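Quick note: the coordinates plus some simple rules give every number you see, no bench work behind them. Quick caveat, the model's predicted, so the values are computed rather than measured. For neighbour counting, all protein chains shown are included, and Cβ atoms are generated from backbone atoms with ideal geometry for every residue, glycine included.
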Amino acid sequence: MGPDAVIIGMTKIPVIENPQYFRNTNSLLKTNTFVQHIKRHNIVLKRELGEGAFGKVFLAECYNLSPDQEKILVAVKTLKEASENARKDFHREAELLTNLQHEHIVTFYGVCVESDPLIMVFEYMKHGDLNKFLRAHGPDAVLMSEGQNTRPVELTQSQMLHIAQQIASGMVYLASQHFVHRDLATRNCLVGENLLVKIGDFGMSRDVYSTDYYRVGGHTMLPIRWMPPESIMYRKFTTESDVWSLGVVLWEIFTYGKQPWYQLSNNEVIECITQGRVLQRPRTCLKEVYDLMLGCWQREPHMRLNIKEIHCLLLNLAKASPVYLDILG
């Protein structure tokens, strides 16, 4: 048995190296894709937002990008390693991101390749990643802030539904583009003004949220707490495995950003998921939403809810519960 076997209790389950683990982007890459090139002198770095294995992410001002404004705030992702393979991956990713355009996918503006480090430019989402946002607006944060001048406002059910349906909308779009995300989680969603939520990952999450990943075979980092049995055991990633992850994202939203299976070790989580156990209903969660989660967590991929169905159900629930957007002040 190879080094990538996962120990489950006293049993070893072989983890098969599936080439589908890496995004199959050929269908998305159009031959006439035009990636916008941004001049380096138009980018003014403000401060560091974080660091990932690829390099650093900065808040920056970008000039001459929008016809309506002289400058706009952007997030700049730098490429630390400038090897030939890294450069090829960089340009391939830029083409891919150029083709992904949707109101609930973080906007990719273009690249700067005049000199090293190579740079990707994305829209800046003011309130950062959704996981941090959920924790900051949960009951624990409200309790801990007692006596302070500024107190966070706890998220309401309707606001949670509003967040959830936006993520589902983005996932409907990705599925329509035959794009499998493979790492959908609240840490990989971003929050902007007026509770606007978009799917977007600058690659920092594996460093910032290292406990959310499980190292297999010494190098591969897998987000097992968000993965269905077929992805854990066979590295099979499909739109249906993304649906499972979306169910876990809903659970995260309704627990104010708790880590799935937080009371269990990684090996115990693998054992639970492969044996058919699912996450319990969050205390704040409507029965209809938990039923939706259970529909995402069917063991057989073809039995899971369709991504369009999920979005439609969430949209109807959100419409029945109007949102008041004063949470951000």
Lysines near K46 by alpha-carbon distance under 18 Å, same-chain residues fewer than 8 away left out - which ones? K56, K71, K77, K126
In whole Hz and in residue order, list the ³J(HN,Hα) couplings for the range 275-291 that follow from phi through the Karplus curve 6.51 cos²θ - 1.76 cosθ + 1.60, θ = phi - 60°; x for Gly and Pro. 8, x, 7, 10, 5, 6, 5, x, 4, 8, 9, 4, 4, 4, 6, 5, 4
Around V113: net Lys/Arg minus Asp/Glu count, Cβ-Cβ under 12 Å: +1
Extending each Cα 7 Å along its Cβ direction at R277 and T238, get the distance between those two points in nm, one decimal. 2.7
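Using a Förster distance of 35 angstrom, determine the FRET efficiency expected from the C-beta separation of N85 and T211, and round it to 0.05. Kindly include the intermediate steps, with their values, before the conclusion.
Details: r = 29 Å, r/R0 = 0.82.
It comes out at approximately 0.75.
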By the mean-Cβ-within-10 Å protection proxy, highest first, 231-241, 246-256 rank as 246-256, 231-241
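Please give the length that would be gained between Q36 and T156 if that part of the chain were fully extended, namely 0.36 nm times their separation in residues minus their C-alpha to C-alpha distance (nm, one decimal). It would help to have the intermediate numbers written out before the result.
Working: separation 120, 0.36 × 120 = 43.20 nm, distance 3.98 nm.
Extending this stretch completely gives an extra 39.2 nm.
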